[in-house]
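These notes are about the structure you will find just below.
The values are calculated or read from the model by the stated rules, or taken from the named source; none is laboratory data. Given the structure is predicted, the values throughout are model-derived calculations rather than measurements. Counting neighbours? That spans all protein chains shown, and the Cβs are built from the backbone with ideal geometry, glycine included.
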């Protein structure tokens, strides 16, 4: 999906090559079987730092501390990819009592303030959020809309 978003933003055609995981895709990139991979920064940074592959851009609003010399996509001349990133959310079943939701949120926010946890997340290319339920609802709606547009535009299917 991120590759299709990149192709759309760059106004280029790419042929999707399905892989069973990022490792085989990166092996084929280093071996010259494919010319481009849109990958997770935690997975690609060791290869970038070793000079085995070259990172062209970061698909985020700002440069990553993991690869500070790599420009954002906008800086590299391909705007529109500022929010192509993986994220995680802590969810509960509908109907969970409000007091339990508040307790889970308070404990989670407290944990996310821990410097050791922040450092561990950063070492994996992540940063702690802490959005509340209404903010997460808005994020999920925006993500759904963004990816629905790419699916429709590129006529993608899960077959």
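Within the stretch 127-140, can one find any residue that is under 21 Å from residue 6 (Cα atoms), surrounded by 14 or more Cβ atoms within 10 Å (Cβ to Cβ) and not assigned by TED's automatic domain parsing to the domain that holds residue 44? Yes: one or more hits. The residues of the stretch 1-23 that are part of a helix (DSSP H, G or I) and either surrounded by 13 or more Cβ atoms within 10 Å (Cβ to Cβ) or on the phi > 0 side of the Ramachandran plot (or both), listed by number, are 2, 3, 4, 5, 6, 7, 8, 9, 10, 22. The sole residue among 108, 74, 59 that is surrounded by 11 or more Cβ atoms within 10 Å (Cβ to Cβ) and not assigned by TED's automatic domain parsing to the domain that holds residue 5 is 108. Of all residues in the stretch 28-55, those that are assigned by TED's automatic domain parsing to the domain that holds residue 3 and in contact (Cβ under 8 Å) with a residue 60 or more places away in the chain have Cβ atoms under 8 Å from Cβ atoms of residues that are surrounded by 15 or more Cβ atoms within 10 Å (Cβ to Cβ) and not in a loop (DSSP other than H, G, I, E, B), 6 or more apart or on another chain, in 40/22; 41/58.
Being at pLDDT 95 or above, surrounded by 13 or more Cβ atoms within 10 Å (Cβ to Cβ) and not in a loop (DSSP other than H, G, I, E, B) is the requirement here; does residue 26 meet it? Considered against the rule, which asks whether it is at pLDDT 95 or above, surrounded by 13 or more Cβ atoms within 10 Å (Cβ to Cβ) and not in a loop (DSSP other than H, G, I, E, B), residue 26 comes out as yes. Among the helices (runs of 4 or more DSSP H) confined to the stretch 48-159, the ones with at least 3 residues that are within 16 Å of the chain's Cα centre (by Cα) are located at 115-123, 133-154. Restrict the check to the stretch 85-98 and report whether at least one residue is at positive phi and not assigned by TED's automatic domain parsing to the domain that holds residue 6. The answer is yes; a qualifying residue exists.
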